[in-house]
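Notes follow the structure.
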Amino acid sequence: MTLLFLQLALMLVVILAASELFTNALEHLGEKLGISEGVTGSLFAAIGTALPETTVPIIALMGGTASRAVNEEIGVGAILGAPLMLATLSTCLMAIAVLKTRGLKGVVAPEHSGFTRDLNFFLCAFLIAAAAMFVPHHAWQVRALFAVGLVGVYVAYVVTTFRASASLVEKGHGTEAPERLLISRFGLPTSLATIALQMVLGVVLLVGGAKGFIAGVEGVSHVLGISALLLSLIIIPIATELPEKVNSIIWARRGKDTLAFGNITGAMVFQGTLLPGIGIMLTPWEPRVEVMTGVFITLAAAAWLRFNAKKGGIVLWALLVNGGLYALYLLLTLGR
């Protein structure tokens, strides 16, 4: 039992180190390309820090363990647990990090058009993903249409986000990397080539870390007598979403609210479109009780964020409500 938890902890360290390499490289790429904080936060940083939880279900569905059923449960849990974690606990922790300096009625004020765009796209995509759970397994053509539709939503999101970039840069929302390229500390120059090299290193470490983490999850689920699905819905997102929480907390404390929230909401769109598309085609994708509980809580949290998304920012107490929604989710699922 101790060895299993040590394996999870070790693989988590590998995953976090790989995410830091990848995210740092993406920030420098955004600065070199002269794009807005919105693009860097909602697309580059969001995709980079979403790679751990993205890699886990993909590796699982490709045969992470000897059991196909376990692989599917880990895949579904990781796919749906990530948006849940982002919409609830991640936003709450970001608010707690600045609560002392800004006060309960203070605000986190990301660039409004990008913030609302992210939430609108996510709500649309996640509703599509939820509806696909009620399509019979034999109707694979219909399920395929749902999956293609989700990919189309993300493509539209990327195009829309990039189109808004130029005007935002002109208004002073250009990207600035917060720290030097990590591998430049070894005497290498900061160039597109070294940025690409660091990104490749990050991906290689992510794949290795995800493979080991999946094996650890399977072992822990057997020892504790908890289904791999429920364990994946809770533990994998907590472990692999740490990069989002850490980066967003740092950015919020530095007053970079657009990057802070874009890192979370951009990852929500990514996690709510492409990965559910994979889940629809490669897993049973059924409306089980623990799954639908997570889906409803996620939609409620995202809708609450959208409702409170004012031009002057979103008040901190509203973000704390999202933390309460995550507590409600744990109560409903673990209390069954």
Return the pair list, or none, for Cβ contacts closer than 8 Å from residues in the range 101-125 that are in a helix (DSSP H, G or I) to residues that are surrounded by fewer than 19 Cβ atoms within 10 Å (Cβ to Cβ) and among the basic types (Lys, Arg), at least 6 apart or on different chains. 101/253; 112/310; 112/311; 116/306; 119/306; 120/306; 123/306
Consider residue 174 carefully, then state whether it is within 15 Å of residue 30 (Cβ to Cβ), surrounded by 14 or more Cβ atoms within 10 Å (Cβ to Cβ) and either modelled with pLDDT of 65 or more or touching an Asp or Glu at 6+ places or on another chain (Cβ under 9 Å) (or both). yes
Which listed residue is assigned to a helix (DSSP H, G or I), more than 19 Å from residue 302 (Cβ to Cβ) and modelled with pLDDT of 75 or more, from 13, 39, 70: 13
For the range 157-171: of the residues being loosely packed, with under 14 Cβ neighbours inside 10 Å and aliphatic (A, V, I, L, M), which is modelled with the highest pLDDT? 159
Suppose we filter the range 259-276 for residues that are in contact with a strand residue (DSSP E or B) (Cβ under 9 Å, 6 or more places away or on another chain) and at pLDDT below 85; how many remain? 0
Scanning the range 134-143 for residues that are exposed (fewer than 14 other Cβ atoms within 10 Å of the Cβ) and in a helix (DSSP H, G or I) gives 140, 141, 142
Looking at the range 190-199, is at least one residue assigned to a helix (DSSP H, G or I) and modelled with pLDDT under 80? no
Can you tell me how many residues in the range 297-320 are farther than 12 Å from residue 116 by Cα, surrounded by fewer than 18 Cβ atoms within 10 Å (Cβ to Cβ) and among the hydrophobic types (A, V, I, L, M, F, W, C)? 3
Working only within the range 307-320, note down all residues that are assigned to a helix (DSSP H, G or I) and either touching a residue at least 40 places away in the same chain (Cβ under 8 Å) or among the charged types (D, E, K, R) (or both). 316, 317, 319, 320
Could you grab me the full set of residues in the range 277-306 that are part of a helix (DSSP H, G or I), at pLDDT below 90 and among the charged types (D, E, K, R)? 290
Check the range 91-112 and report whether any residue there is among the hydroxyl-bearing types (Ser, Thr, Tyr), crowded, with 20+ Cβ neighbours inside 10 Å and under 21 Å from residue 307 (Cβ atoms). yes
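The values are calculated or read from the model by the stated rules, or taken from the named source; none is laboratory data. Keep in mind that this is a model prediction, so the values were computed, not measured. Ideal geometry is used to build each Cβ from the backbone, glycine not excepted, and the neighbour counts take in all protein chains shown.
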